[in-house]
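Worksheet for the structure shown next.
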Amino acid sequence: MNLEEGEPVGLSTGLQAGAFLGLYLGFSLAVISVLTDPTQLQRLAGLMCTPPLFGALLLGPFLARRRKPVDLGRKPLAHARELLEPYNEGQGKWRVLSHVKSDGMSIRIDMHDLSNLSGVVDAALPLADLCSLKFIVGRGVPNSRQPELRKLVLNLVEERVNITRRRRTAKSIEISPVPTVKYINQQQKINRALLILLPVFSFLAWLEMRH
């Protein structure tokens, strides 16, 4: 089972992304404007408003063609429950139907009421190659329902998962998939473009504002 690319993100999301990039440029130019001549309030307002508009119009249609990952829906949840079915402990205890859920883009496994922590962690980790995986373990404070649970699960995860893929939140331990080569290449292209274009635009704007 693989998470394939879904439909394009759409024009609305593309316009928002383009406007955000334009806002980033506009803010940089506005800072240069203030440093050059703080009295030019009209120019400052224009620099904050115009680049987002042009960013949305110029970049929006291009960004709208980017494809989003298919929402997890029920298939990965059914797959996760099938994978962890052997670890059911009966009515009123740990069961996949009550303790394994999905929030749409990740699999959530509640580790409370579970006796075989190591077995479930080992069985569930392959799911992290497909999508975000969250072990719900509570805060780990003395007044928690199972205060020792967080540390026990964290130790198991740290032994098996690279530090760059795991993240601790208030009530869970999250494991992220390894980024795909395609995603990394796209991100590098965007970062490289920003690093090249932003200083160029800023320098040209600075020259213009000096006159």
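Between His112 and Val9, what is the FRET efficiency for a Förster distance of 41 Å, r being their Cβ-Cβ separation, to the nearest 0.05?
Details: r = 37 Å, r/R0 = 0.89.
With R0 = 41 Å, the Cβ-Cβ based efficiency is 0.65.
Between Ser132 and residues 5 or more places away or on another chain, which pairs have amide H atoms under 5 Å apart, with H built 1.01 Å from N, and which residues are they?
Answer set, sorted by chain and number: Ile107.
Which entries of Lys101/Lys151; Lys134/Lys171; Lys75/Lys101 show an alpha-carbon separation above 18 angstrom in the structure shown?
Violating the 18 Å Cα-Cα cut-off are Lys101/Lys151.
State, to one decimal in nm, how far the label point of Val34 lies from the label point of Glu159, with both points 7 Å from Cα in the Cβ direction.
Here the modelled spin labels are 5.3 nm apart.
Just tell me, in residue order, which DSSP H segments of the chain are both 24 angstrom or longer along the helix axis (alpha-carbon based) and at least 0.5 in mean Kyte-Doolittle hydropathy.
Values: long enough: 11-36 (37 Å, 1.55); 41-63 (32 Å, 1.27); 181-210 (44 Å, 0.45).
Membrane-span-like by this rule: 11-36, 41-63.
How about Lys189: which lysines have a C-alpha closer than 28 Å to its C-alpha, ignoring those fewer than 8 places off in the same chain?
Lys68
Take every Cα pair under 8 Å in the chain that's 6+ residues apart, average their separations, divide by the length, and report that relative contact order as a whole percent.
18 percent
Please compute the volume of the convex hull spanned by the alpha-carbon atoms of the chain and report it per residue in Å³.
Expressed per residue, the convex hull around the Cα atoms of the chain is 171 Å³.
Each value in this text was obtained by applying a stated rule to the coordinates, not by laboratory testing. Quick caveat, the model's predicted, so the values are computed rather than measured. Heads up, the Cβs are rebuilt from the backbone with ideal geometry, glycines too, and the neighbour counts pull from every protein chain shown.
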